[in-house]
Amino acid sequence: MKHATLYCKVLFFLTIASMQSLSTAQDKSIPISPSSQLFVDDTLVAKKANVVRHIHPCTKLDQPVVTADMPWERDEQDLRVYIYGTVLRDPETGHFRMWYNRLNLVLFAESEDGIHWTRPTLGLNDWQGSTANNIVYSGLHSPSVLYNPEAKDPDFCYVMMGSSKGYRFFHSRDGVHWTPCADTPAFTGGDTCTLSYDAKTGEYLAFHKRSHDYRGHPRRLVYLSTSRDLKTWSEPVLAMAPDEIDDAAVVKEGGQYSQFYNMSAFPYGGQFLGMITHFRFTGSSQNHETQQSRHDGPIDVQLVTSRNGRSWTRCEDRSPVIPNGPYPYDAGCILGVANSPVVVNDELWLYYTAITTTHGGALPGKKISIALAKWRKDGFVSLDAGNDEGVVETVHMSCAGGSLIVNADIKETMSIAILNKSGTSIPEFDHSDCNVLSGDSIHHTVTWKKHDKMPVDHSVCLQFRMKNARLYGFSIKND
């Protein structure tokens, strides 16, 4: 009897503890910053019905924006310039600044509109007896530049990562005059790389290529190393690798297996997004005597996502976000992507390396240039509803109130209700109170019959109901 009584007491306290734990978990809310909140994954989604996640491929210009026009950018019929690098906008003038490369020359260009580019005569580095060129550094491949105007030391406002017998790092006050951070490489490896920065942790993130056997094949893979001071770096760890689904898709296309050539990763909308170059390996090229790669196959770009910049997942829709074609200049390969997009009005612009042939293509038909991909702002992915009403309900979020802004293309209708912790509509914030949205806009302002702002200091869920609409994301602007 005593044992039974003791058992009942223990069971009672375990039940109470379990209920308290469940209550605590339900009380936890994700804090929402004023930045864009995207639906690239289900992190913010508690429930959804009758909606499909859909990748949106970029739009392109009918011609590249930079071609190998200068003598130091070309060699007879060998026409190639690359942008594994960076395009930034001057915060004062709005002008565009580009760091790109030809083989191991780091080059610099400027533009007022991001489409027509000029090469300033810098007088810094010699090329065939003259310094009348736009070379900012000689002997570095795959330059990736970051700009931080808040840097404590103004000589570190610009930092650069590149490949030269290992991966090396540099700093600069103006982005033109560069100083090495160390005399020796930070870590081994070579070829393509991308430098990013995590403002939450104060760490630099160095994504770089390493090649070795992985799941039975020799592959190009993406590794990550981190640092706070650009001198001491963590041991590189595998960040992104192809999976069985990738290999199956390549085999279905007539190839052999999949590789990841490189990855550009950047903070965006309270998380990280990545552009992975998917190399669909088809076999050895017959054109290696023309000094081209022995490895052949097409390369396009897919979207990957991360909430912390370290753990990465594939998008539910693996359609290319930058596909090959339809123009000849990138019909064969998208070899590299700039390390972050540029916001231009209501669009995102991302520059990339375009190749007319597959990876192992031969000269002189193989031409490499720099092209431009465009999306609507926050427009990489949407949750789409058709004729049947689609529902998207977010997880619990904590916010300080403000205006609710929705990015959506609404052919028919969309309404938004605000739910409390119990899952019921807050009075005066139900769907029946919402002024129904329609039309295509990156900043639909949501209002209700008696309110034009979110409730103040509430933990809430947003419930979207929509027909024939695409929901890209939302933001809460605290006035």
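No value in this document is a laboratory result; all are computed from the given coordinates. The model shown is predicted, which means the values in this text are computed figures rather than measured ones. FYI the Cβ positions are ideal-geometry reconstructions off the backbone, even for glycines, and counts take in every protein chain you see.
Brief remarks on what is shown
- Residue ranges 162-170, 199-207 sort as 162-170, 199-207 when ordered by packing (mean number of other C-beta atoms within 10 Å per residue, highest first).
- Ratio Rg/Rh [Cα only; Rh per Kirkwood] for segment 363-479: 1.15
- Estimated purely from DSSP H runs of n ≥ 4, each contributing -39500 (n - 2.57), the mean residue ellipticity at 222 nm for the chain is -2500 deg cm²/dmol once divided by its residues.
- Volume per residue of the convex hull around the Cα atoms, evaluated for segment 257-359, comes out as 121 Å³.
- Cα gyration tensor shape of the chain, rounded if a/c is under 1.5, else prolate or oblate by comparing a/b with b/c: prolate
- Highest to lowest packing among 350-358, 393-401, scored as the average C-beta count within 10 Å: 350-358, 393-401
- The charge dipole of the chain, taken about its Cα centre with unit charges on the Cβ of Lys, Arg, Asp and Glu (plus for the first two, minus for the last two), comes to roughly 1160 debye.
- Take 379-392, 236-249 and order them by the average number of nearby Cβ atoms within 10 Å per residue, most first; the result is 379-392, 236-249.
- When both bridge partners sit in the chain, DSSP labels roughly 95% of those beta bridges antiparallel.
- 11 Å beta-carbon shell around R173, net charge (K/R +1, D/E -1): -3
- Between segment 27-80 and segment 406-479, the Cα center-to-center distance that results, in Å: 25 Å
- With 28 Å as the limit, the listed pairs K200/K231; K152/K209; K377/K411; K200/K411; K411/K477; K47/K209 have K152/K209; K200/K411; K47/K209 beyond it between alpha carbons.
- Counted residue by residue at 0.36 nm each, then reduced by the alpha carbon distance between them, the extension gain from D191 to V395 reaches 69.3 nm.
- Taking a straight line from the alpha carbon of K48, these lysines sit under 16 Å away, with near neighbours fewer than eight places off in the same chain left out: K467.
- Under 5 Å, built H, 5+ apart or other chain: amide partners of T413: K467
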